[in-house]
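I have placed the structure first, in the form of structure tokens, so that the comments after it can refer back to it.
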Amino acid sequence: MYSEKFKIFIDMWREEFAIERSIDEKICLDKDGNPIPWYTYPAIEYLSQFDYSGKQILEFGCGYSSLFWAKRAYKVTSIEDNLKWFDKWKKEFNEPNLDIRWRDEGEIYEQAAFENDIKYDVIIVDGKRRFQCAEAAVKALNKGGMIILDDSDRINTSQEYVKAVDILKKADLLQVDFYGFCPMNNYTKTTSVFFSRDFNFESLYKVQPINGWGNLWSKSRKDRKEFYKKSM
């Protein structure tokens with residue numbers, strides 16, 4: 001058995017983060033059933049603050065993150081190397097601004113970054129060949145944009161990630177690491193965001209940061225007092 005205080009903590013994770021359902025059903029959804037990426041929760045909350053309505057997104061690795069971005073951005077191009085997953089997502093995802101492409105995991109995979117002959121405002125490296133994709137992302141990134149490298153803590157055991165982070169740092173991008181729990185997993189990991197030095201995205205809100213999931217200050221004064229009483 002655990003204490004009443006710890007029960008309040010567990011209930012918050014269940015209700016605000018929907019973590020129990022996410023782990024048990026292996027789905028990346030928030031408490032309202034909206035798709036979220038398989039990034040750490042701190043990264044998801046941070047990235048959710050910005051206005052992407054005029055932004056072009058390139059994603060190496062398709063999944064629930066593709067829907068997350070499609071509901072926010074002007075256009076999303078998502079590259080998938082697994083034919084089984086490609087067929088699944090093409091059938092299930094029907095967002096008009098989402099272009100899902102199957103590319104073999106050889107060199108043609110990362111070269112998909114240059115097929116549209118445009119620069120991307122956000123590039124997500126979350127699939128195969130992460131070093132090669134990071135290398136391509138640097139060349140395909142628009143001025144003022146950002147590159148997201150998920151599972152970046154694998155740098156501690158993988159030379160592929162060592163090289164990926166190195167190429168992003170050599171491009172003079174500013175690295176910010178978001179540690180924490182994530183959907184579907186019962187352990188922590190890291191999602192890293194590499195910002196252009198002239199990063200210029202507008203916030204959706206008048207202030208930043210906004211209240212996060214489970215944040216005490218998003219409650220009314222009355223509810224905060226009630227919460228304090230339960231937590232004493």
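The values are calculated or read from the model by the stated rules, or taken from the named source; none is laboratory data. Nothing here was measured: the structure is a model prediction, and the numbers come from that model. Ideal geometry is used to build each Cβ from the backbone, glycine not excepted, and the neighbour counts take in all protein chains shown. What goes into the accessible areas is simple: the full protein's heavy atoms, side chains included, and nothing from ligands, DNA or RNA. Shrake-Rupley method; radii C 1.70, N 1.55, O 1.52, S 1.80 Å.
Beta bridges per DSSP, both residues in the chain: antiparallel share near 40 percent. Of the residues Gln132, Ala18, Phe6, the one whose Cα sits farthest toward the positive end of the charge dipole of the chain, with +1 on the Cβ of Lys and Arg and -1 on the Cβ of Asp and Glu, is Phe6. Under 28 Å of direct C-alpha separation, and excluding same-chain neighbours fewer than eight residues apart, Lys229 reaches these lysines: Lys5, Lys7, Lys31, Lys219. Accessible surface of Thr188, taken over heavy atoms with a 1.4 Å probe and every protein chain present, rounds to 80 Å². Take the chain and mark each of the trypsin sites (Lys or Arg not before Pro) that is in a DSSP loop with at most 10 other Cβ atoms within 10 Å; the longest unmarked stretch, sites excluded, is 27-196.
Along segment 84-92 the Karplus relation, 6.51 cos²θ - 1.76 cosθ + 1.60 evaluated at θ = phi - 60°, assigns HN-Hα couplings of 4, 5, 4, 4, 5, 5, 4, 7, 8 Hz to successive residues, with x for each Gly and Pro. The Cα atoms of the chain define a convex hull whose projected area, averaged across directions, is 14.5 nm². Between Lys7 and Lys139, the FRET efficiency estimated from the beta carbon spacing at R0 = 41 angstrom works out to 0.20. Taking every DSSP helix (H) stretch of at least 4 residues in the chain, weighting each as -39,500 (n - 2.57) and dividing the sum by the residue count yields a mean residue ellipticity at 222 nm of -10000 deg cm²/dmol. Within the straight-line cut-off of under 27 Å between alpha carbons, the lysines reachable from Lys84 are Lys26, Lys71, Lys75, Lys128, Lys189, sequence neighbours fewer than 8 places apart in one chain being disregarded. Here the mean projected area of the convex hull built on the C-alpha positions of segment 67-200 is 8.6 nm².
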